[in-house]
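Heads up: the structure comes next, in structure tokens.
Values quoted throughout were computed directly from the atomic coordinates according to the rules given, and no laboratory measurement underlies them. Treat the numbers as computed from the prediction; the structure is a model and nothing was measured. Here the Cβ positions follow ideal geometry from the backbone for every residue, glycine too, while neighbour counts run over all protein chains shown.
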Amino acid sequence: MERKTRVRFAPSPTGPLHMGGVRTALYNYLYAKQHGGDFILRIEDTDSHRFVPGAEAYIIEALRWCGIVPDEGVDADGKMVETASAQHPHAPYRQSQRRAIYRQYAEQLVENGYAYYAFDSAAALEERRAEAERAGQTFLYGLTTRDTLRNSLTLSAEETERLLRETDSWTIRFKMPAHTVVKMDDLIRGHIEVNTDTLDDKVLWKRADELPTYHLANIVDDHLMEITEVIRGEEWLPSLPLHYMLYKAFGWEDTMPRFAHLSLLLKPVGNGKLSKRDGDKMGFPVFPLQWVNAEGETSHGYREDGYFPEAFVNMLAMLGWNPGTEQELFSMEELIQAFSLNKVQKAGAKFNPDKAKWYNREYLRAKRDEELTDLFIPVLQEQGITVTGCPKCPVSADFAAKEFSWNYVRNVVALVKERATFVRDFWTSAACLFTAPAEFVQKDVDKFWKPEIKEQVRQAAAHLLDTGVSFEKETVGSSLEEYIRAQEWPMGKVMNALRLALTGAASGLGIADILSFIGPEEFRARLSAAEM
Ligand code: GLU
């Protein structure tokens with residue numbers, strides 16, 4: 001019988017989700033939706049030493065921001081589901097709350113000869129490790145050593161019973177079968193074979209905290225949650241032979257999921273995994289959302305840095321996958337249609353921060369001016385500017401009161417959006433359309449604030465104001481240029497000096513644009529403030 005597609009994203013809450021992790025979640029989501037299946041979020045928090053408070057909430061929030069909505073695991077309020085229901089039949093989805101489930105599975109493997117109890121102390125194992133090192137070897141708890149260690153394979157049944165009863169730091173280890181070639185298939189990497197003699201006997205369950213290790217919990221949960229495909233990072237590829245052997249040992253081979261291991265995201269320059277350090281060095285985020293760690297250090301997030309979630313998702317989707325066409329812009333819906341694991345590349349995908357910006361620019365340009373206006377308003381408010389009125393109200397600007405109509409702001413947006421990457425860039429390029437300059441760029445002052453040019457600017461301005469010419473863009477622009485030309489003054493210098501007086505810098509928006517926005521009154525005020 002054809003099984004319903006069910007995939008999961010199974011992060012460990014050990015810190016903020018790296019963008020590579022978001023990509024893993026995204027590919028799982030796209031795959032599930034394309035196949036009409038379910039996307040499940042499971043929190044793998046069995047390693048209490050690595051648990052970081054706030055990480056789980058961060059993961060959920062990051063997925064939500066990206067529009068990657070789990071079908072199972074998280075409720076509408078963004079909380080992990082703890083009680084089973086028709087919608088969430090496998091709750092709880094947090095492994096620490098499933099601890100009662102795992103022990104019986106570990107014991108089952110012992111009973112069937114696939115696992116054994118190990119009683120070695122940490123000190124004893126350390127000693128063996130050091131010994132091997134001295135001999136230039138690496139110690140593996142496994143085929144060649146397990147018979148020389150303290151475990152239920154070497155101890156008598158009575159002794160084993162006693163130790164199980166009386167001690168509390170024993171573990172259950174998988175007994176990796178000897179001389180076996182594990183034949184595996186990966187949906188991205190193809191056929192892989194590994195000889196079990198190179199593998200060690202991994203710990204599956206620990207008496208000390210009564211918790212499973214990642215390997216056991218992961219396999220048991222994927223089985224119980226009826227997962228059909230496991231799509232995860234390539235750092236888990238070395239664990240695949242063990243996972244295959246576990247499925248076999250449990251007798252679950254028939255329903256074993258298919259596996260796909262995704263290549264790493266690589267740093268923009270040089271080789272190696274994309275790390276937070278690369279981001280800090282080159283000034284780009286590696287996390288979807290801002291994260292403040294326990295020491296109070298803040299890491300940048302795409303959201304807070306002004307990226308649109310659609311742009312971030314689109315950019316991530318293309319990191320390591322390509323549709324086989326020239327198309328680069330995809331909505332989530334389009335990604336769901338076009339995505340295919342066959343076209344996910346085996347090689348690592350180099351992250352290009354400029355491309356991330358390119359995506360944001362494309363999405364920004366495609367947005368309607370009205371939407372961008374609403375997004376720009378909070379930026380203006382931070383600058384102490386009030387926006388009044390509605391899309392149907394007339395254009396108005398009160399520079400003294402710092403009050404502008406919604407449509408004035410919309411006109412500003414329409415003027416500057418073509419050259420912006422982020423919404424906050426609107427302010428950078430158009431602050432002068434809202435406030436008089438607080439200061440003047442010194443090198444521009446040195447260059448253009450010459451008595452002769454100042455006088456020319458003063459006269460040109462007087463001409464505009466005295467003739468009462470309309471400050472409508474076309475009219476005011478050509479009137480100014482004609483006047484300067486007729487006087488045979490240096491056009492560039494006068495214009496730059498005028499811009500300097502009005503905006504604080506010699507370069508920036510066109511003079512005609514500036515004049516048409518600020519109007520004659522503010523024009524006069526700024527010139528007198530600049531002592532023209
Ligand atoms: N908890 C593992 C992680 O943090 C999950 C690996 C898997 O998907 O099997 O990446």
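Cut-off is 10 Å between beta-carbons; in what order do Asp254, Asp197 appear when sorted fewest neighbours first?
Details: Asp254 6, Asp197 15.
Placing the least packed residue first, the sequence is Asp254, Asp197.
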Mind checking which aspartates and glutamates have their C-alpha under 13 Å from Lys367, skipping anything on the same chain fewer than 8 residues away? Glu310, Glu418
Given Lys175/Lys206; Lys276/Lys357; Lys417/Lys447; Lys276/Lys350; Lys175/Lys346, the pairs whose alpha carbons are separated by over 22 Å: Lys417/Lys447; Lys175/Lys346
What ³J(HN,Hα) values, in whole Hz, does the Karplus curve 6.51 cos²θ - 1.76 cosθ + 1.60 give for the stretch 118-125 when θ = phi - 60°, with x put for Gly and Pro? 10, 10, 4, 7, 4, 5, 5, 5
Based on Cβ point charges of +1 for Lys and Arg and -1 for Asp and Glu, what charge dipole magnitude is obtained for the stretch 109-170 about its Cα centre, in debye rounded to the nearest 20? 180 debye
Tell me, rounded to the nearest percent, the portion of alpha carbon pairs in the stretch 36-174 spaced more than 25 Å apart. 50 percent
Rg and Dmax of the stretch 207-316, Cα atoms, in Å? 18.6, 50
For Leu262, enumerate residues with amide H under 5 Å from its amide H, sequence gap 5+ or separate chain, H modeled in the peptide plane. Arg232, Gly233, Glu234
Enumerate the lysines that Lys33 could reach by cross-link, defined here as Cα to Cα under 21 Å, with residues fewer than 8 away along the same chain left out. Lys4, Lys343
Work the Kirkwood hydrodynamic radius out for the stretch 298-380: mean of 1/r over every pair of different alpha-carbon atoms, inverted, in Å. 14.2 Å
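Could you size up the charge dipole of the chain around its Cα centre, putting +1 on the beta carbon of Lys and Arg and -1 on that of Asp and Glu, and report it in debye to the nearest 20? Could the numbers behind the result be given before it?
Working: 63 positive and 78 negative charges, 153 e Å.
Computed charge dipole of the chain: roughly 740 debye.
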Using the count of nearby Cβ atoms within 10 Å as a rough guide to exposure, how do Cys393, Cys66, Cys432 rank from fewest to most? Cys393, Cys432, Cys66
Would you kindly derive the ³J(HN,Hα) couplings of the stretch 224-230 from the backbone phi angles with the Karplus curve 6.51 cos²θ - 1.76 cosθ + 1.60 (θ = phi - 60°), listing them in order in whole Hz, with x for Gly and Pro? 5, 8, 6, 6, 9, 9, 10
Viscosity 1.306 mPa s, temperature 10 °C, Stokes-Einstein D of the stretch 131-197 from Kirkwood C-alpha radius, µm²/s: 106 µm²/s
Rounded to a whole number, the Stokes-Einstein D of the stretch 406-532 in µm²/s (Kirkwood radius over Cα pairs; 4 °C; 1.567 mPa s) is 87 µm²/s
Which percent of Cα-Cα pairs in the stretch 314-430 sits in each 10 Å bin, short to long? 12, 35, 23, 17, 10, 3, 0
What the 5 Å binned alpha carbon P(r) of the stretch 390-448 shows, as percent of pairs per bin from 0, is 4, 16, 21, 20, 18, 12, 5, 2, 1
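May I ask for the net charge around Glu166, where only other residues with Cβ less than 13 Å from the Cβ of Glu166 are counted and Lys, Arg are +1 while Asp, Glu are -1? If you can, show how the numbers build up before the last one.
On the way: positive: Arg162, Arg165, Arg207; negative: Glu158, Glu159, Glu161, Asp168.
Once all neighbours under 13 Å are counted, the net charge is -1.
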If N is the residue count of the stretch 37-100, its Cα Rg over 2.2 N^0.38 Å rounds to 1.10
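Give, to the nearest whole percent, the P(r) tail of the stretch 159-223 beyond 15 angstrom, counting all Cα pairs.
Numbers: 1399 of 2080 pairs.
Tail of the P(r) past 15 Å holds 67 percent of the pairs.
Per residue, how big is the convex hull of the chain when only Cα atoms are used? Give it in Å³. Before the final figure, lay out each step's value.
Details: hull volume 111.8 nm³, N = 532.
So the per-residue Cα hull volume is 210 Å³.
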Choose one of Phe51, Leu63, Phe119: the residue whose Cα lies farthest towards the positive end of the charge dipole of the stretch 1-127 (beta-carbon charges +1 Lys, Arg; -1 Asp, Glu; about the Cα centre). Leu63
Considering the options Gln137, Thr198, Leu163, tell which one lies farthest towards the positive end of the dipole of the stretch 116-199, charges being +1 on Lys and Arg and -1 on Asp and Glu at the Cβ, about the Cα centre. Thr198
Evaluated at 25 °C with a viscosity of 0.890 mPa s, what Stokes-Einstein diffusion coefficient in µm²/s does the stretch 271-346 have when Rh comes from the Kirkwood expression over alpha-carbon pairs? 173 µm²/s
Based only on other Cβ atoms within 10 Å, what is the fewest-to-most ordering of Val387, Val469? Val469, Val387
